[in-house]
Amino acid sequence: MPFKRATLAISLIAAFSGQALAQTCPAGSAPVTYPISKVVEQQDNYHGTMVADPYRWLEDDNSAETKSWVAEQNKVTQAWLAQIPQREAIKARLTKLWNYERYSVPSKKGGRYFYSRNDGLQNQAVLYTAKSLGETPRVLLDPNTLAADGTVALAGMAVSPNGKFLAYSTAASGSDWNEIKVRDIETGKDMADHIKWVKFSNTAWAADGSGFYYSRYDAPAEGAKLSGVNYFQKVYFHKLGTAQDADVLVYHRPDQKEWGFGAEVTDDGRYLIVNGSHGTEQKNRVFIKDLKAKDAQVVGLLEQFDASYNFIDNDGPVFYFLTDKNAPRSRVIAIDIRKPGSENWKEIVAESAQTLTGASIVNKQLVLNYLSDAHSAVKIVDLKGKPVREIALPGLGSAGGFGGKATDTETFYSYTSFTTPTTIYRLDMKTGKSSIYRQPKVDFDPNAFDVRQQFYTSKDGTKVPMFIVSKKGMKLDGSNPTYLYGYGGFNVSLTPSFSVSNLAWVEMGGVYVVANLRGGGEYGEAWHKAGTKLQKQNVFDDFIGAAEWLVANKVTSPAKLSIGGGSNGGLLVGAAMTQRPELFGAALPAVGVMDMLRFQKFTIGWAWTSDYGSSDNAEEFKALVKYSPLHNLKKGGCYPATMVLTADHDDRVVPAHSFKFAAAAQAAQSGAAPILIRIDSKAGHGAGKPTAKQIEEVADRWGFLSRALDMQPAAPAASTTGGQ
């Protein structure tokens, strides 16, 4: 059927009525005049249902027409943002808050310590090395020298066991594509080695430092670098001093185009472990190769694809794994690879009421990182599972790190909370004593804020937790501008963490809320599965339930309530604002998966079918089309003020998702609330974004909300050097 702008059925489903909503939009300022988004005659048959896709042309990010549309949309958005009086003040405060030292957790390799540090406003953190903790460190790699605008980031690194070489990967403009180079640690100079077309890969050195293992895809077709689908990942070995085309193919599966592989070498150098995955499914296969045995092949160890098996360490032929096999909240088992049958497995740490999210072996003891109602608890046991001690954490927050070898007597970890900047601790594994190694100072008073955890009831009766951060003395009169954030997918857990951007929001008088939705990993694999495929609506119900609780308990009101999330969280925001538009005053969907019928056709999108299902499946199509944000916009709808955020180099969730959603939402909107799209340049899905770009984006986010929610300027924040 021909499409005319005045009669377009914005539901996009030709088999449905596409009727306009009988809804009266609240009065507001004059509506925005948007660039014209042409519609095309494009329909697809999904199991007998014809679905229109009138903005299909926006999937071609290389076309002059799309580039012109992007430029015009950005012009409209920037003009709207320029009218916000608080914008420059917000940016100035963000810049001041952001200007503090930040450190990574140190690691030790080859008799050296390695860590990264950002002095405050550097676009990228700098990598340092030192032979002792007391020695003045020297710069090993400064990514800020790789691009004048800071858009080349350090994406990964691995030090050879002898401490002589650094294999490091870089990503340009936020792309998932990496390039690997090798630096001589003593001289600080790069060698000739240069590896391309690496994506979703670690780097694993051979024990003698002669080379390393890595994973890559074939080079994409011309013009398809940012959108072409990624299949047939392969594991290679690169020998130092040789060209990439001489690399040895170690393992691949030409019969399984969707399988991905990551390689690691055991600390004793004896075994190569190849982890086989299928998309983002929380299940994997494990293959091994005896590197000391002549002509040994990669052979299967765990091939049932029945659970998650994360390798921890080995003691000769005894391998330790963190697994959710017969334990949805995970446990630790030992497998003797000489008799690997499950009847011979030994349980070292049993499943508990807490969710076990990480484990490492240091000082020949297991360090266990648990989640207890979405915040960290750390315990140490011996290699038979006998309790040794618990690590006392400063409060309700998140701990991470705890790396090292079985023979090490020290390890390092980080601790952070909503009001505690990430602090680095050194843990003496013999005494159990933790001491502060690096503690940043930030220009704020942590005692001025209140953090609490609240449980609420979702639509089906499930109890769901959320964290609420506000200034102390918050009045419960429904007038507080509130930003509700969520994710709810792919087994990702949202735990307390420090963020100067969120701190600035609360200083402005806002309330920051994080909801721990189903689909995440906070309560183990059962919690994750309850928010996937045909049960994905549970995630949206949980998010909407959090919003309803905030309104019912007068933390805020719909006119003052905004929602945000990125990637899968962008999908979450898109689904919530199309299902319950009257519940929200503003929405910030970022780099979201908005077209749930075509996501699998781009880059690594096919890998997400383990969480979403696929429109290629008739039953799953019926579920997807009911919540797909793009397909549930309705002409004449009263949608909240919305700023869609994406970037031109996003090759994880291609920007076409956001482009099409913004075009359709602008056509659907009948009220005065703006539907804008902010399209960043030389940026990707988020990783490695330069500090300057982060500050600009956050200033635009909070500026947008300050206008959309009619926020009054808050009193200037007290200047302190707090943070602990």
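Think of each Lys and Arg Cβ as +1 and each Asp and Glu Cβ as -1; about the Cα centre, that makes the dipole of the chain roughly 960 debye.
For every other residue with a beta carbon closer than 9 angstrom to the beta carbon of ARG331, add +1 if it is Lys or Arg and -1 if Asp or Glu, then tell me the sum. List each step's numbers first, then the result.
Numbers: positive: LYS325, ARG329; negative: ASP324, GLU347, GLU351.
With Lys, Arg at +1 and Asp, Glu at -1, the neighbours total -1.
Partners of LYS325 within straight-line reach, counting aspartates and glutamates whose Cα lies under 20 Å from its Cα and excluding those fewer than 8 residues away in the same chain: GLU281, GLU303, ASP306, ASP313, ASP336, GLU343, GLU347, GLU351, GLU522, GLU525, ASP611. By the gyration tensor of its Cα atoms, with a ≥ b ≥ c the square roots of the eigenvalues, what is the shape of region 119-264: rounded for a/c under 1.5, prolate for a/b over b/c, or oblate? The shape class here is oblate. Using only Cα atoms, tell me the angle between helix 537-552 and the longest principal axis of the chain; keep it within 0 to 90° and round to the nearest 10. Approximately 60 degrees, to the nearest ten.
Sorting ASP611, ASP176 on solvent-accessible area from highest to lowest, probe radius 1.4 Å, gives ASP176, ASP611.
In whole percent, what relative contact order does region 639-711 give with Cα contacts below 8 Å and a gap of six or more residues?
On the way: 79 pairs, mean separation 28.9, N = 73.
Computed over region 639-711, the figure is 40 percent.
When the surface is traced with a 1.4 Å probe over the full set of protein chains, MET508 keeps roughly 40 Å² accessible.
The modelled label-to-label distance between LYS257 and ASP710, using points 7 Å beyond Cα along the C-beta direction, is 5.5 nm.
Using just its DSSP H runs of length 4 or more, each adding -39500 (n - 2.57), the chain gives a mean residue ellipticity at 222 nm of -5000 deg cm²/dmol after division by all residues. Axis angle, to the nearest 10 degrees, between helix 691-708 and the longest C-alpha principal axis of the chain: 30 degrees.
With the contact rule set at Cα under 8 Å and sequence spacing of 6 or more, what percent relative contact order holds for the chain?
Once divided by the residue count of the chain, the mean separation gives 14 percent.
Near VAL76, within a Cβ-to-Cβ distance under 15 Å, what is the net charge of the other residues, with Lys and Arg +1 and Asp and Glu -1? Present the calculation step by step, with values, prior to reporting the outcome.
On the way: positive: LYS75, ARG678, ARG707; negative: GLU72, ASP700.
That works out to +1.
Averaging sequence separations of C-alpha pairs under 8 Å and six or more residues apart, then dividing by the length of region 80-154, give the relative contact order as a whole percent. After rounding, I find 19 percent. The fraction of all Cα pairs in region 379-481 landing in successive 5 Å bins from 0 to the largest distance is 2, 9, 15, 17, 14, 13, 11, 9, 6, 3, 1, 0, given as whole percents. When each of the peptides 658-668, 683-693, 614-624 is scored by the mean number of other C-beta atoms lying within 10 Å of its residues, the order from highest to lowest reads 658-668, 683-693, 614-624.
Could you order MET466, MET191 by accessible surface area, starting with the largest, using a probe radius of 1.4 Å? Before the final figure, lay out the partial values.
Values: MET466 0, MET191 70 Å².
Largest accessible area first, the residues go MET191, MET466.
What shape does region 204-311 have by the C-alpha gyration tensor, where a ≥ b ≥ c are the square roots of the eigenvalues, rounded means a/c under 1.5, and otherwise prolate means a/b greater than b/c and oblate the rest? Since a/c reaches 1.5 but b/c is at least a/b, the shape of region 204-311 is classed as oblate. Using the 1.4 Å probe convention, the accessible area of the chain works out to 40 Å² per residue with neighbouring protein chains retained. The Cα-based radius of gyration and maximum Cα-Cα distance (Dmax) for region 71-180 are 18.5, 58 Å. Protection proxy ranking of 574-582, 53-61, 156-164, by the mean of other Cβ atoms within 10 Å over each peptide's residues and highest first, is 574-582, 53-61, 156-164. For the chain, the longest principal axis of the C-alpha atoms and the axis of helix 656-668 are separated by about 20°.
Computed over the chain, the range of Cα coordinates on each principal axis works out to 73, 58, 52 Å, biggest value leading.
Projected label points at ASN617 and SER499, each 7 Å from Cα along the beta carbon direction, are separated by 3.1 nanometres.
The dipole here belongs to region 360-446: it is taken about the Cα centre, uses +1 on the Cβ of Lys and Arg and -1 on the Cβ of Asp and Glu, and is about 420 debye. Dipole magnitude for region 507-624: about 140 debye, using +1 per Lys or Arg Cβ and -1 per Asp or Glu Cβ, origin at the Cα centre. Within the shell of other residues whose beta carbon sits under 10 angstrom from the beta carbon of ASN275, the net charge comes to 0, with Lys and Arg scored +1 and Asp and Glu -1. Descending by average beta-carbon neighbour count within 10 Å, the peptides 414-421, 390-397 line up as 414-421, 390-397, the highest first.
Around the amide H of VAL250, modelled in the peptide plane, lie the amide H atoms of VAL235, TYR236, PHE237, all under 5 Å away and 5 or more residues distant in sequence or on another chain. Surface composition of region 302-458: carbon plus sulfur atoms hold 44% of the accessible area, using a 1.4 angstrom probe and ignoring ligands, DNA and RNA.
The values are calculated or read from the model by the stated rules, or taken from the named source; none is laboratory data. Treat the numbers as computed from the prediction; the structure is a model and nothing was measured. Positions of Cβ are backbone-derived with ideal geometry, glycine not excepted, and every protein chain shown enters the neighbour counts. Note: accessible area is taken over every heavy atom of the protein model, side chains too, but ligands, DNA and RNA are not part of it. Shrake-Rupley method; radii C 1.70, N 1.55, O 1.52, S 1.80 Å.
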